[in-house]
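This report refers to the structure that appears directly beneath it.
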Amino acid sequence: MSLLRGKGLPPHGLRLEGLLEGTAIDGGDWLEGLRAWRAPAAFPADLDISTRGNRFSILFAPREDARGDDGSEARIAGALADLLSCAPPGSFGSLTSSVRSTRTTLTASILTVYQVDDSGAVRTVQREAEPPPAPAPPTLGQRLRLSQWPVALGLLAAAAFALWQVAPVRSTVQGSLGLAPPVPTLAGSAFERYLKAEVLPGPPQALRLARLPAYPRDPAALDAAAASAEGLHGMLALSALARGYIRCEWYDESGRFLYGVDLRVRELATRETMTLALPAISGAVSLRLLY
């Protein structure tokens, strides 16, 4: 599982998301100051601030049209520090952050995690994915063989491929031949500690989720799970469960990303199992559950 993929972002795209939460030690009169905070221009996320008792949470919902540059991460860190300065020193307790940004360039995808301590200080941890290797140029023999095929044959193949991508046509052909769409295998899950997942062949294909005993069903259980979470990956998985959504992504046999969708699993807090219908993605051989 990779945290460095750009989730389909275009070049220079920027995605800021995650959850910042903690406890208001002094009663939280300053929480109104958090709600009144205004983000700087072009801030790449919308904020949803909520409270329950003396606990507060700030959800960062990404803006799809956000764009970034080399100074984006520093500006985001400065904005977070400014947001937390709305509270007097010593106002926080058990402050945790799963806030992270993904920025794409022409050659790489850059992940930045924004860590926050109980004083409100912001520290960034950044990693960069290496660009994919350039494909090897065709050999002389390959070029000669390719040049022998008429252009019309290439156009015919392209037309047939485009027609196959039309779902009704593909379904009709598969039905007439008695073929069912291939069922992708579950290649990985970030929630193995909390959920048992199974892909059902259908039709239609579906994902069956069963709640495990460690699944955090309420805020108290979520706090207890966070205390024993295994590093950043564990905290990000818990953050996704707290939001009530997990991400499902499909890949072809070469590991190339094909499609992704967010699945609502909030009902697992009150239900032991749930089954979610999945789209049939052409060429998909595996799927992964991510945060």
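The values are calculated or read from the model by the stated rules, or taken from the named source; none is laboratory data. Fair warning: this is a prediction, and the values are worked out from it, not measured in the lab. Cβ atoms come from the backbone with ideal geometry, glycine included; neighbour counts cover every protein chain shown.
Observations, loosely collected:
- Selection from segment 58-86 of residues that are closer than 17 Å to LEU19 by Cβ and touching a helix residue (DSSP H, G or I) at 6+ places or on another chain (Cβ under 8 Å): ILE58, LEU59, LEU83
- Complete set of residues in segment 9-40 that are modelled with pLDDT of 80 or more and part of a loop (DSSP other than H, G, I, E, B): TRP37, ARG38, ALA39, PRO40
- Unique match (being touching a Gly at 6+ places or on another chain (Cβ under 9 Å) and not assigned by TED's automatic domain parsing to the domain that holds THR51) among GLY244, GLY202, GLY231, GLY260: GLY260
- Positions within segment 256-272 being over 16 Å from the mean Cα position of the chain (by Cα) and hydroxyl-bearing (Ser, Thr, Tyr), in sequence order: THR270
- Residue ranges of strands (runs of 3 or more DSSP E) in segment 44-144 with at least 3 members surrounded by fewer than 13 Cβ atoms within 10 Å (Cβ to Cβ) and at pLDDT 80 or above: 45-52, 122-129
- For segment 238-249, a residue qualifies if it is within 10 Å of the chain's Cα centre (by Cα) and crowded, with 19+ Cβ neighbours inside 10 Å, and the qualifying residues are ALA240, ILE246, CYS248, GLU249.
- Test result for GLU253, under 20 Å from ARG193 (Cα atoms) and exposed (fewer than 13 other Cβ atoms within 10 Å of the Cβ): no
- Residues located in segment 242-255, provided they are in contact with a Lys or Arg (Cβ under 9 Å, 6 or more places away or on another chain) and either assigned to a strand (DSSP E or B) or of a type outside the set (Lys, Arg) (or both): GLY244, TYR245, ILE246, ARG247, CYS248, GLU249, TRP250, TYR251
- Among the residues of segment 200-242, those that are basic (Lys, Arg) and touching a strand residue (DSSP E or B) at 6+ places or on another chain (Cβ under 7 Å) comprise ARG208, ARG211.
- Checked against (1) exposed (fewer than 15 other Cβ atoms within 10 Å of the Cβ); (2) more than 17 Å from the chain's Cα centre (by Cα), TYR215 passes all but a single condition, namely (1).
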